[in-house]
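Asks: What follows is a structure written as C-alpha cells; I'll ask about it next.
Taken together, the values in this text are just the output of simple stated rules run on the coordinates, not laboratory data. Computed from a prediction, not measured in an experiment: that's the story for all the values here. Backbone-built Cβ (ideal geometry, glycine too); neighbour counts: all protein chains shown.
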C-alpha cells in the first residue's frame, strides 16, 4: 500500500479495510505500507490507526505490517506505532524501516538483517 500526501484518515481506512477484507488476506497478512511520500505521522494519527487495527484483530492475528519511511521523524513515529500495537494488538507485529529490502525481508522471513 503506497500513501502520498495529501490524504485523509477516511481514505486510509477505506484502503486498509479493502486490503484486510480481500480473500488473499485471509490466510496470512503481510502488509507493506510505503509512507516515503508523506509527512511524519502525528501522535493522534498513530492512535487512530491503532484503534482501527484493534478492530481487525481477528483478521490480523499472526500478521505483519512493515512501514517504509524516508526520515528519522517518521521512523520514530513508526516505532511509537510498534509500541502501541504491542498493547492493543499483541498477535500482530508492526515495524518501521528505512530500507525497502529490509522491510520485505522482515515481512517474508521475520528477519530484517
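Asks: Kindly provide the helix-only [θ] at 222 nm of the chain, computed as the sum of -39,500 (n - 2.57) over DSSP H runs of four or more divided by all residues, to the nearest 500 deg cm²/dmol?
Replies: Result for the chain, helices only: -15500 deg cm²/dmol.
Asks: Estimate the FRET efficiency between residue 57 and residue 10 by the formula 1/(1 + (r/R0)^6), using the beta-carbon distance for r and 22 Å for R0, to the nearest 0.05.
Replies: Here the calculated transfer efficiency is 0.55.
Asks: Using the 10 angstrom Cβ neighbour count as an exposure proxy, how do 83, 60, 32 rank, fewest first?
Replies: 83, 32, 60
Asks: In a GNM of the chain with a 10 Å cut-off on Cα contacts, which of 57, 21, 102 has the highest mean-square fluctuation?
Replies: Residue with maximal mean-square fluctuation among 57, 21, 102: 21.
Asks: Along its three principal axes, how long is segment 6-77 when you only count alpha carbons? Whole Å, largest extent first please.
Replies: On the principal axes, segment 6-77 reaches 33, 20, 18 Å in Cα extent.
Asks: Would you mind ranking 84, 39, 105 by Cβ crowding within 10 Å, fewest neighbours first?
Replies: Ranking 84, 39, 105 by Cβ neighbours within 10 Å, fewest first, gives 39, 105, 84.
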